[in-house]
Amino acid sequence: MRLAAEAAIAYRLGVPDRPVPPACDLDTAVARFRTPLAEAGIPAAEVIETLVHETDDGLNQMTSPGFYGYVLGGSHPVGVAADMLVSAWGQNAGSSAETPAVTGLERAVCDWVIDLLGLPPESGAGITTGATVGNTAAILAARNALCARAGWDVEARGLFGAPGIAVIMGADAHSAPSAALRYAGFGTERTLLADTDDQGRIRPESFERCLASVDGPVLVVLQAGQINSGASDPFAELIPMARARDAWVHVDGAFGLWLAAVPELAPRLAGVQEADSWAVDLHKWLNAPFDAGMAIVRDRTALVASMSARGAYLPDLTGHWEPTDSVPELSRRARGVPSYAILRHLGRAGVREMVARHCALAKGIAAEISDLPGLSVLNEVASNQVAIRCGEDAEGDAQTREVLRQVQRRGRVYPSHGTWQGRDIIRVSVIGYATQKAHADLLVSEIAEAWQIVRGGN
Ligand SMILES: *Cc1c(COP(=O)(O)O)cnc(C)c1O
């Protein structure tokens, strides 16, 4: 354990000076590790040393302040330190009676996040592995509640013969809530896709038409934070329409919901607190180490009814409920504890500062890129995401991909690829806890230099 802790610290100290992407390819890594399991074991220290040395060229420096790929947090060191304790403690977090300290810490995380995000304090919450499972748990709660309203006990009778539930979602939604809908037995063809505008936000007129076109119970899935544009659906317009129709409104806010923690940015999510359920990640904008996210459900009995391993039996929920009653797993890691450490360390002010800084840096990156000839930004920067396009339309896709390839290969910064409105983009997500102005400047100069080379054709 001491060896591993020392190696972990040395790794993190070295990250800012390392090329961001891995140097070795997948086949090499697989060939290195995927050997027959030997009959005889080897000493523990040797295992750890081997792990450290043989992974060295095969890791992507996702914790680097130069990493802008996908929408990934940078595993804040105080969270990583707490995660080491979590592993050492070896607690099964599923049972409050057996591990009261862990349950206390995780309840604090649920309270604090609900409060920071301005969501209803009476909500029930479960700490999941991420927003995919957060969306799934919340959609299962919605399914339970909508069926119950229609007089159908879905936990006892299942979906065969159940009342049909219509689903409405935006055309630019993330794939995760679609997966959640599949996991929940809704299939894909049931979903009506409402039209979206040039920022990926649902158009209220189209949403209204969708609502008017369906009968019976309705599940609406909205989004805070589109992965390419960072924009959010117009909750204040959409949710009252859905309410009038008695629909359940779920919001996928994997990263975007964190805007609510910053008073100046919260108006971009106006009305979001009127929904019935929300999914949010802790391992994205809060920079918790993987895996951590949350399902938050206003009517906690709906969440418990759908998640409790005890099935139809509903425990007394006044002030007390078991961790296993709000997530799919029975036995699980104390996965909320790293977020407790990060929230304690940052405080409210630190969370606000981090989210606001990322949004300001994204705005600055967009302004500087837009000033460079031949480069453009396709989104209004509504949060921390910047969609960068190189060249004119005819050759733009190939040029954008080539600029990205060169930037990634140089390895000083690492944005990733996206497709936005049928066009290739370099997608920049400013989300690492350590990312500051100097790093953002380096990102702009790396893209500018690669563009010079691609445009010059040499
Ligand atoms: C990342 C993301 C998800 C999925 O979250 P995971 O934590 O990767 O499971 C869902 N929705 C949006 C908008 C996201 O950005």
Close pairs from the stretch 62-73: first at negative phi, partner assigned to a strand (DSSP E or B) and more than 15 Å from the ligand (Cβ to nearest atom), Cβ under 8 Å, at least 6 apart: SER64/TYR414; GLY66/TYR414; PHE67/TYR414; TYR68/TYR414; TYR68/PRO415; GLY69/TYR414; GLY69/PRO415
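On the basis of being surrounded by fewer than 20 Cβ atoms within 10 Å (Cβ to Cβ), within 30 Å of ASP27 (Cβ to Cβ) and not acidic (Asp, Glu), does GLY73 make the cut? Full working, then the answer.
On the way: surrounded by fewer than 20 Cβ atoms within 10 Å (Cβ to Cβ): no; within 30 Å of ASP27 (Cβ to Cβ): yes; not acidic (Asp, Glu): yes.
For GLY73, the condition - surrounded by fewer than 20 Cβ atoms within 10 Å (Cβ to Cβ), within 30 Å of ASP27 (Cβ to Cβ) and not acidic (Asp, Glu) - is not met.
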Filtered residue count, the stretch 53-70, keeping only those that are more than 16 Å from the ligand (Cβ to nearest atom) and either open to solvent by less than 60 Å² (accessible area, probe 1.4 Å) or under 12 Å from ARG18 (Cα atoms) (or both): 10
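Mind checking whether some residue in the stretch 151-166 is within 16 Å of the ligand (Cβ to nearest atom) and either within 25 Å of the chain's Cα centre (by Cα) or not in a loop (DSSP other than H, G, I, E, B) (or both)?
No.
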Residue in the stretch 376-384 that is open to solvent by 30 Å² or more (accessible area, probe 1.4 Å) and out of contact with any strand residue (DSSP E or B) (no Cβ under 8 Å at 6 or more places or on another chain) present: yes
Condition broken by ILE365, with the remaining ones in (1) within 21 Å of GLN226 (Cα to Cα); (2) open to solvent by 10 Å² or more (accessible area, probe 1.4 Å) satisfied: (2)
Matching option when the condition is within 12 Å of the ligand (Cβ to nearest atom), at pLDDT 95 or above and among the aromatic types (Phe, Trp, Tyr), among TRP248, TRP258: TRP258
Residues being within 27 Å of ALA434 (Cα to Cα) and open to solvent by less than 70 Å² (accessible area, probe 1.4 Å) - total across the stretch 7-43: 12
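Can you pull out the residues in the stretch 110-140 that are in a helix (DSSP H, G or I), away from the ligand (no atom under 16 Å from the Cβ) and among the aliphatic types (A, V, I, L, M)?
Within the stretch 110-140, the subset in a helix (DSSP H, G or I) is 110-116, 131-140.
Now narrow it down to the ones that are away from the ligand (no atom under 16 Å from the Cβ): 110-112, 114-116.
ILE114, LEU116, listed by residue number.
The values are calculated or read from the model by the stated rules, or taken from the named source; none is laboratory data. As the structure is a prediction and not an experimental result, all values here were calculated from the model. Positions of Cβ are backbone-derived with ideal geometry, glycine not excepted, and every protein chain shown enters the neighbour counts. Surface areas here come from the heavy atoms of the whole protein model, side chains and all, with no ligands, DNA or RNA. Shrake-Rupley method; radii C 1.70, N 1.55, O 1.52, S 1.80 Å.
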